[in-house]
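As structure tokens, the structure follows; a few thoughts come after it.
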Amino acid sequence: MGRHRSLSAAPEALAYTPSAISQQIATLEREVGVGLVERNARGAVLTDAGRALVRHADEILGRMAAAQEELQAMVGLESGRLRLGGFSTTGAVLVPRAVVAFRARHPGVETSLVELDPEEAVSELRAREIDLALVYEFPVVPGPALDGLDYVHLLDDRLNIALPAGHRLASRKRVRLADLADEPWVQGVYRGATVAVLPAACRGAGFEPKIVFRSDDHMAVQSFVAAGLGVAVVPQLTVPTARPDIVIRPLEVEGDLLTRRVGVAMPAGSWRPPAVSAMVAILDEVCTELRSDGRVRRSPNGAKPRRRRY
């Protein structure tokens, strides 16, 4: 009625009967406790209260329409945000490739990155501080519990040995872990459960490693190796960014003790934000490219990445 200025025109526009409109107005007046329509010999007009209510209703309807448009833009990946967490060595190749591809396809979605080890990432996911995170675990040391999260296994990332360029073993095609028993070690992790991975593997080879430096900065690890201060295991994911003054060789070790399973975790639920699904698909694509380049291993038995809900 506020638009059509008539109790007879409003029902026609809304496909209601005049009596139905009158009943709705009467019900509304009882609920708000004030008259909204003033009837006289020339028809019916809105009271001051009625005009105020119409003004607020127009604002509410406008906001609802704007919200619907924003939600549709998010579903269509035309807007929104994506918060991605990843451990340090994913920053060498995997995450940069994935983010570049995501931004090229969905430039309207704001992306942000934060470096987190797996334990921190799981905590941030549960608090909904991030939308998805790359995590890993080694067979010898279980990763953080993923209950309440969905998980997609992306690839298996083996660890190699990094040696100074003039090292006595640098000319070998492969190096046995036992051959490094007397070497000083630079460990590429300084906290968390995976600190125990290298010592456990070395003990399996019959010695206790002499660790002289720990850092989760893979470039700092390589710099220490280049300076001749020790040897280090380095993930295959970081090999494309290796310094030219170090030598990287495959490492012979019993079983898969020094191969980590890398995947992406996200909050579980029947509905997943479109931006999260899009990034998971892109991470899978990038990992497929890395596997085809021979830089990382395929999933067990060459299978596609497995999806699990905990």
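Since every read-out is calculated from the coordinates, none of them should be taken as a lab result. From a predicted model like this one, the values you see are computed outputs, not experimental measurements. Every residue, glycine among them, receives a Cβ derived from its backbone with ideal geometry; neighbour counts consider all protein chains shown.
Can you tell me the dipole magnitude for segment 82-310 around its Cα centre, using point charges on the Cβ only (Lys, Arg +1; Asp, Glu -1), in Debye to the nearest 20?
640
Could you check the simple spin-label distance between Asp256 and Arg105, using points 7 Å along Cα→Cβ, in nm with one decimal?
2.7
Taking 7 Å along the Cα-to-C-beta vector as the label spot, tell me the Ser19-Asp48 distance in nanometres, rounded to one decimal.
My value for the distance between the label points is 3.5 nm.
Enumerate by residue number the trypsin sites (Lys or Arg not before Pro) in segment 190-245 meeting two conditions: DSSP loop (anything except H, G, I, E, B), and at most 14 other Cβ atoms within 10 Å of the site's Cβ.
Listed in order of number, the matching sites are Arg191.
Using a Förster radius of 30 Å, what is the FRET efficiency between Asp245 and Val212 based on their Cβ-Cβ separation? Nearest 0.05, please.
0.95
Grab the alpha carbons of segment 82-310, take their convex hull, and tell me the volume per residue in Å³. Don't jump to the answer; show the numbers that get you there.
Numbers: hull volume 27.4 nm³, N = 229.
Normalising the Cα hull of segment 82-310 by residue number yields 119 Å³.
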